[in-house]
Amino acid sequence: MQTHMDKSIRLVPMDHTVEEKETWPEYVELIVPQRHVKRVKTALEEHKLLNRKKGIGRSRPFVKIVKESFNTLPPDLLDSLDLSVRALIEHFSSSYTIYQPMLLLPRNNFTPCQTSTLSSPGFQPFWARIAARMGVTHIAINAPIPLQGATSDAVPTGVDGTPSENTLRSPINLTPIYGFFGPPPSPQTLESPTAADFDAALWVTHTQNGIHQTWAPLYTMFSRGNIREKTRVLRLPSVIASVAEPAGCTSVDLYAGIGYFVFPYRKAGVSKVLCWEMNPWSIRGLQKGAKMNGWRSQVIDRGQAPSEAPSESADLIVFARSNEFALEDLAETKRAMDLPPVRHVNCGFLPSSNLSWKTAVYMIDGQLGGWIHAHENVGVSDIEERKVQVVTEITGHVKARGLRGEVRCEHVEKVKTYAPGVIHVVFDIWISATSSLAAS
């Protein structure tokens, strides 16, 4: 993946010595990811190769490509649209993301009118040139994932005509501007896609921490900002300790998506991961991603008859329905196999995952205890207060189950800024081992 965070470092060409200063070209530009800038700069200074006059600056190769591509447009096209090259270029920043084979531009670069103009047929040669130069085949303009379907006919309205909740977290405002992304989103293609719909869609890929992920951007969200939490799950001491136990362990993700946290659990060595997901496009992405990583997945769809029984040979078992039925599905899985104890339950729904906490408490192994990882959006100044509320509410569920163990918040992870003054955090809640009335 490439982003606007790259930096350009100007250096002395390797085929010129310091003594041959008069014959140097002005500089050679080296594009370096920002996280490596300090290390590369230090190495260049040690070898006297850093061009101090030009120094370090933000790389803008994309803007250069845009300017060159605009110059190839017929002047009469711009005149007919009452546009100037300079006016349009001003709205192109160096910010972009590449998920092969797609170039994704941020929404805030353009007004709705400009977006409509840039996606018109007359601009297709312009985008074709940019796609070729950037090494992609598709281009789209991004947009936030709406919590409701108010801005699109793709998400149906409620019985009273008000927008229904976008429970599938579909990216219904993504704007494709170059390349075919698949059949247009509609209630049918979003909720009941056919095999032909899956095959016709564009699927993009991304690799983080050596884990491959894939999704269809017209139908499925992808959160780049979750990398911090994905990395933490992969290295979390409580996960590593659970994996090392003789019986192994099971992890649960009640909001699996395309496998954001499912895959780190499996890569960390978790024996079995149980997943719940309602979005059929996310489920297909999880299946495809699991295969890319060499893991066996099984999807159990209660809407199909006869329904499969959970398979012991599967690394990942995906239940294609609401996690409201998770306890029922867990019980069936335990009847079908000798399931390792459930030690971790991920509750990753925003803005609040509290509706799943009771289910999570009843899934944790009653004899060994375990961890609930509760995702929440919280005001920066309210984190401590919310932590107490989370522990109090989960303690209530623990007592209702008949467990007598301790409940405490071991850690609060600040994942990313969600909005001004609001941060996405994860509360790691530990429920200790206990004897109880219902330790199962």
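The values are calculated or read from the model by the stated rules, or taken from the named source; none is laboratory data. If you're wondering where the values come from, they're calculated on a predicted model, not measured in any experiment. Quick reminder, even Gly has a Cβ in these numbers, built from the backbone with ideal geometry, and neighbours come from all protein chains shown.
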Please specify each residue of the range 394-407 satisfying the condition of being surrounded by fewer than 21 Cβ atoms within 10 Å (Cβ to Cβ) and either basic (K, R) or within 26 Å of K230 (Cβ to Cβ) (or both). K399, R401, R404
For the range 340-369, which residues satisfy the criterion of being touching a residue at least 12 places away in the same chain (Cβ under 8 Å) and part of a helix (DSSP H, G or I)? N354, S356, W357, K358, T359, A360, V361, Y362, M363
Checking V378 against (1) part of a strand (DSSP E or B); (2) surrounded by fewer than 20 Cβ atoms within 10 Å (Cβ to Cβ); (3) modelled with pLDDT of 95 or more; (4) touching a helix residue (DSSP H, G or I) at 6+ places or on another chain (Cβ under 6 Å), which test does it fail? (2)
D382 vs. criteria of a type in the set (D, E) and either without any contact (Cβ under 8 Å) to a residue 24 or more places away in the chain or within 23 Å of I227 (Cβ to Cβ) (or both): yes
For the range 345-375, what are the residues that are surrounded by 24 or more Cβ atoms within 10 Å (Cβ to Cβ) and touching a Lys or Arg at 6+ places or on another chain (Cβ under 7 Å)? V361, G370
Identify the residue in the range 184-196 that is under 22 Å from the mean Cα position of the chain (by Cα) and in a helix (DSSP H, G or I) and, among all such residues, is surrounded by the most Cβ atoms within 10 Å (Cβ to Cβ). L190
Would you pick out the residues in the range 401-431 that are touching a residue at least 24 places away in the same chain (Cβ under 8 Å) and not in a strand (DSSP E or B)? R401, G402, L403, R404, G405, E406, G421
Listed by range, helices (runs of 4 or more DSSP H) wholly within the range 82-174 having at least 1 residues that are of a type in the set (G, A, S) and at pLDDT 80 or above are 112-118, 124-134
Does Y265 count as within 12 Å of the chain's Cα centre (by Cα), modelled with pLDDT of 95 or more and closer than 18 Å to W295 by Cα? no
